[in-house]
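Right, one structure below, let's go through it.
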Ligand SMILES: NC(=O)c1ccc[n+]([C@@H]2O[C@H](COP(=O)([O-])OP(=O)(O)OC[C@H]3O[C@@H](n4cnc5c(N)ncnc54)[C@H](OP(=O)(O)O)[C@@H]3O)[C@@H](O)[C@H]2O)c1
């Protein structure tokens, strides 16, 4: 998948089908996502396979021409075996087979290696390792392109530096709060890789605000972070901009980000997202933001270590 083919927004479907009892809602959300003309990001593991299944159900009900177009916009990921955590070449081939079957397609435009935390970098890159499986899938055109998708920037940088991947996705690390993925994104873009920046709202607090109780990067927000976000909300209010609109444009405006991956939980959220993307941010607000002290991010990949 080449840079020019990606939409500036990619719709994240990690929550699609989360509520198994509300599958009708999930189908409506998947219909809206696939009708949007934007890329959709899923994975073998999301909601135990229901994210892919729901997208596949909507593809199956589409007319032929629409189906081909929609299918060409679904990006998925290979995952470790959910029971054994095995993540080698054979598991990668099996994971891709499961995804193709759920989606009802025979190829995907882009297939990421997803969260390779149960194996070391050396194991993943070695003979019979997960990356060998991905390369095979690209050579046989089952995957149009291959990517690395994960959190810790130092780990992702090691995969990027192999030169093997066409795309990279990092989450929660290039936002108003945490900018630690900037260097790896710049390196990847300089190599000609397609850069996906996921979770511009930090998974919650930058969409719902400091008083919401929402966390950052799937961990609780500290008092210090809530106070910092409240300060940004105050600046936004003075300029007539909402916090999530600013957070979204922070990523959309980065020259080294080709697509921003946002979680979409309903058709209404998609309408709101498109309106936010169409808004503009006054220059003064960017200057005011830059004058704030750095945000107390709860993410510290160097401290946490990465395999
Ligand atoms: N390792 C990986 O590959 C990886 C990891 C993380 C994420 N991702 C991808 O990135 C996507 C985005 O990540 P994410 O969903 O965790 O984080 P996110 O997009 O930063 O934030 C999602 C949060 O923002 C809220 N939100 C979204 N649109 C909103 C709107 N219009 N108005 C108000 N609130 C809004 C959602 O609330 P509601 O729930 O109320 O809508 C949810 O709480 C995922 O779906 C996935 O596709 C990939």
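What follows draws every value from the coordinates through simple rules; no lab data is involved. The structure presented is a predicted model; accordingly, all values stated were derived computationally and were not measured. Note: ideal-geometry Cβ built from the backbone for every residue, glycine included; neighbour counts use all protein chains shown.
Checking the a/c ratio against 1.5 first, then a/b against b/c, what shape does the Cα gyration tensor give for segment 100-178?
The shape class here is oblate.
Can you tell me the length gained on complete extension of the stretch residue 212 to residue 271, counting 0.36 nm per residue apart and subtracting the Cα distance?
19.1 nm
Can you tell me which of 253, 202, 263 moves the most in a GNM of the chain? Springs connect C-alpha atoms under 10 Å apart.
Highest fluctuation of the listed residues: 253.
How high is the relative contact order of the chain, in percent, counting Cα pairs under 8 Å that sit 6 or more residues apart?
Relative contact order here is 18 percent.
For 193, 125, what ranking results if the residue with the fewest other Cβ atoms within 10 Å of its Cβ goes first?
125, 193
Suppose R0 equals 30 Å; then what is the FRET efficiency for residue 302 and residue 62 from their Cβ-Cβ distance, rounded to the nearest 0.05?
0.05
With everything on Cα atoms, drop me the angle between helix 243-252 and the longest principal axis of the chain, reported from 0 to 90° to the nearest 10.
Result, in degrees: 50.
With springs only between Cα atoms under 10 Å apart, run a GNM on the chain and tell me which of 57, 268, 187 wobbles the most.
Most flexible of the set in this elastic network: 268.
Mind computing the radius of gyration and Dmax over the alpha-carbon atoms of the chain? Å is fine for both.
According to the Cα coordinates of the chain, Rg and Dmax are 18.9, 57 Å.
What FRET efficiency comes out for residue 97 versus residue 72 if R0 is 25 angstrom and r is the Cβ-Cβ distance? Round to the nearest 0.05.
0.80
Please give the FRET efficiency for residue 141 paired with residue 162, using the beta carbon to beta carbon distance and R0 = 30 Å, rounded to the nearest 0.05.
0.90
Antiparallel as a % of all DSSP beta bridges within segment 136-243, to the nearest 5?
Roughly 10 percent of the DSSP beta bridges within segment 136-243 come out antiparallel.
Of 148, 74, 281, which has the largest mean-square fluctuation in a 10 Å C-alpha GNM of the chain?
281
So how far, in whole Å, is the C-alpha centre of segment 204-283 from the one of segment 75-91?
One Cα centre to the other: 32 Å.
For a test of the definition: using alpha carbon positions, the gyration tensor, and the 1.5 limit on a/c, classify segment 169-307 as rounded, prolate or oblate.
rounded
Where a ≥ b ≥ c are the square roots of the eigenvalues of the C-alpha gyration tensor, would you call segment 54-212 rounded, which needs a/c under 1.5, or, failing that, prolate if a/b is larger than b/c, or oblate?
oblate
Using the 10 angstrom Cβ neighbour count as an exposure proxy, how do 235, 38 rank, fewest first?
Ordered from fewest to most neighbouring Cβ atoms within 10 Å, 235, 38 come out as 235, 38.
In deg cm²/dmol and to the nearest 500, what is the mean residue ellipticity at 222 nm of the chain if only DSSP H runs of at least 4 residues count, each as -39500 (n - 2.57), divided by the residue total?
Calculated mean residue ellipticity at 222 nm is -13000 deg cm²/dmol.
Please report Rg over Rh for segment 1-116, where both radii come from the alpha carbon positions and Rh follows the Kirkwood definition.
Result for segment 1-116 is an Rg/Rh of 0.95.
Quick one: work out the % antiparallel among DSSP beta bridges in the chain, nearest 5.
That works out to approximately 5 percent antiparallel.
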